[in-house]
Every structure is written in structure tokens, then in C-alpha cells.
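**Student:** One structure is given below, represented as C-alpha cells, and several questions about it will come after.
Computed from the coordinates by the stated procedures, all read-outs in this text should not be read as laboratory data. The structure displayed is predicted, hence computed values, not measured ones. Cβ coordinates were reconstructed from backbone atoms using ideal geometry, including for glycine residues, and neighbour counts include every protein chain displayed.
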């Protein structure tokens, strides 16, 4: 009988973890395994992408913590049909852990996808519920280190498996800028931890270059105000969410991720696969991927001046850009493409 796996997450809005869940649901299924996805929240955009790929989705439609007993009841009823529940993020991890006593014989794997220090109570709760799982799955050594330090999870209880991409999907021909201007790119949520404002301030120090930022979130209005204050309306464009990541990358000359912290930094390996040089901050989750001067450039956190300097350096040195891109493409192909990563999930699920 095929192994039955339920991937259970908090929501299926556009974002890093929902995309990880989507890709896993599609990649893990086969003749020896079936996959299904459930989320605590109502239906989100990524749910449609998952069902379009032929995987069933069960939104539990909770919008408030007061619905927790009902969500646990729904997950308990659903979970009886599965051999393994793989939960993602602290809210889903908690619900799954609380339900496990009612699901004898079902294996639980919890996933922690963040390195952000706050909210602190998330880490405290994760520490309390970690024993309910057979292992805590994390995408990077930075995430593992944070789980040990902040949640007091024993290192022996942690499994590191990186996130992965379809490498060939990003083989889109680079399109030169029609006006010849150097194009800086950003892809991610407009969230305080992403520090997009630092990149906008850096653009003030890089004459003639333009910034194309893709994403939505609570920081849109503050970022718009900053753009207006710095009079950068003609050089900074906020495009909103894009589902055509490869096409967006094809129109960038460099991608910058100025975050304070990342669980993994999926957009970095997407850019590397697309042959776009990357600049990242020397932060958790980013330094796991960006090897300074080899696969990209690292700059100090919260330093618009250093970001601007790195952009100028790449703009002026085509040889450096090409060397970083060549190294990065090989690195991603060998470490973060699905054939390499899927083997690690197979070993985890068949153990």
C-alpha cells in the first residue's frame, strides 16, 4: 500500500513556506506514496496551484484562535487516513502536536522554516511541542542553530534538508535593459524583516540604476513614503506580487536580499539558477547560501552604504559578475536541485 503523507501548514498565501509545501506535495507523490495538503487558514492562492497540479487540498478555514478546538477536531478526523503528518510553522506544528495522542501509529515530522528571533513565544512554544515529533526538519544550518539555541531542541532531534527548486525552470534568457540602465531586483514579502527600505536608500547612492521590487505586505505604504521622500519615483518601481519569478529574474542584472534574517532564502537560489548575481546581508539563512566572493557578495546588515557599494562593484565589473554567476549555478545545481534534495526526503520518510 502506498505511504500516505499529509502536509499540514498554517496558510497557503503567497510566500516561501507555502511554495515549499506546494513543491513537496508534487515531488513526493509517486507509485509508492500519495500526498495531500491541509492548512489551518481558509483557501489561499497557492492552494489553487496545488490542486491544479493534481494534489488535493483541505483548508480548515480557521480565522481565529478561538476556533482551535474545531481545527484540532478536523485535523484528527483527517489525520486518521495518513501514515505521516509533516507540519510546517509553529501554529500548524502546535495543532499537529496536540492532535497526535488521538492518532496512534501516525508519524509526525515538524518543520521550522525561520530564524527570526521574534516573536520569542514562538520559539518557546516550539520547544514545548518538539518532543511530539520524531524529528524537527529545518532547511539550513542557521535554522538548526536557532532551534537549538532558542527552543532548546537537542541537535540529535534535528534533520537538515535544504529547500529545492526546479533548476531548469529558471533557464530563461536574460533580457538586456532597453535603456541600458543597470537593473537591481528584489523579490519577497514587504515585511519589516526584509529591510527593503535599506535597499531603497542604497538606490539614492547608485546614480542611474533602477530598482524593481516584487512582493506585497505591511511595509508597502512606508516604502512608498520613503520613495517619495527620496524622490526616487522614476527609479524605484513596486510591482506587487508576481507568479512569474523566472520572467522577473530575466529582467534583473543583480538581485539583492537585504534581510535581517532568513530561514533559507529561496529567492537566492532561484536567482543563482537564473544566472543573476546576488547580494545578500551577512545574516542567518543567507550566509548558508551566499559564499562571499564565490557565489555572491555579502554585506553587513542594515547598511545602505555597503549595499550601494556592492551594487556599484558588480555594475562596473562584468568579469566578476560572470564568475559569481558560473559558480552559483553549479552550486545550486549540485546542492539545491530536486534530484539531490528529493533523495534526502526519501530517506527521511522511509526510515
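**Student:** Once you place label points 7 Å from the Cα toward the Cβ at residue 330 and residue 251, how far apart are they in nm?
**Tutor:** The answer from the label model is 3.3 nm.
**Student:** How large is the direction-averaged shadow of the alpha-carbon convex hull of segment 39-82, in nm²?
**Tutor:** 3.2
**Student:** Cα gyration tensor of segment 1-89, axes a ≥ b ≥ c as square roots of the eigenvalues: rounded (a/c below 1.5), prolate (a/b > b/c) or oblate?
**Tutor:** In terms of gyration-tensor shape, oblate.
**Student:** Using C-alpha positions alone, give me the convex hull volume of segment 120-211 per residue in cubic angstrom.
**Tutor:** 147
**Student:** When the helix-only estimate is applied to the chain (DSSP H runs of n ≥ 4, each -39,500 (n - 2.57), divided by the residue count), what is the mean residue ellipticity at 222 nm, nearest 500 deg cm²/dmol?
**Tutor:** Result for the chain: -12000 deg cm²/dmol, rounded to the nearest 500.
**Student:** Based on other C-beta atoms within 10 Å, arrange 270, 204 from fewest to most.
**Tutor:** 204, 270
**Student:** Hey, if you drop one equal point scatterer on each alpha-carbon of segment 169-335 and run the Debye formula without solvent, what base-10 log of I(q)/I(0) do you get at q = 0.15, 0.19 Å⁻¹?
**Tutor:** -0.74, -1.27
**Student:** Compute the FRET efficiency between residue 225 and residue 174 as 1/(1 + (r/R0)^6), taking r as their Cβ-Cβ distance and R0 = 35 Å, and round to the nearest 0.05. Could you put the intermediate results ahead of the total?
**Tutor:** Values: r = 33 Å, r/R0 = 0.94.
Efficiency, rounded to the nearest 0.05: 0.60.
**Student:** Right, another one. Provide the percentage of antiparallel DSSP beta bridges, counting only those with both residues in segment 1-43; round to the nearest 5.
**Tutor:** Counting DSSP beta bridges with both partners in segment 1-43, the antiparallel share is about 10 percent.
**Student:** Contour minus end-to-end for residue 350 and residue 166, with contour as 0.36 nm per residue of separation and end-to-end as the Cα-Cα distance?
**Tutor:** Details: separation 184, 0.36 × 184 = 66.24 nm, distance 2.31 nm.
Between residue 350 and residue 166, full extension yields an extra 63.9 nm.
**Student:** Enumerate the whole-percent occupancy of each 20 Å bin, from 0 to the last occupied one, for all C-alpha pair distances of the chain.
**Tutor:** 30, 56, 14, 0
**Student:** Within 10 Å of each residue's Cβ, count the other Cβ atoms and sort 252, 72 from fewest upward.
**Tutor:** Ranking 252, 72 by Cβ neighbours within 10 Å, fewest first, gives 72, 252.
**Student:** Please compute the length gained on full extension between residue 43 and residue 293, using 0.36 nm multiplied by the number of residues separating them and subtracting their Cα-Cα distance.
**Tutor:** So the extension gain works out to 85.8 nm.
**Student:** Between residue 312 and residue 27, 0.36 nm times their residue separation minus their Cα-Cα distance comes to what?
**Tutor:** 98.6 nm
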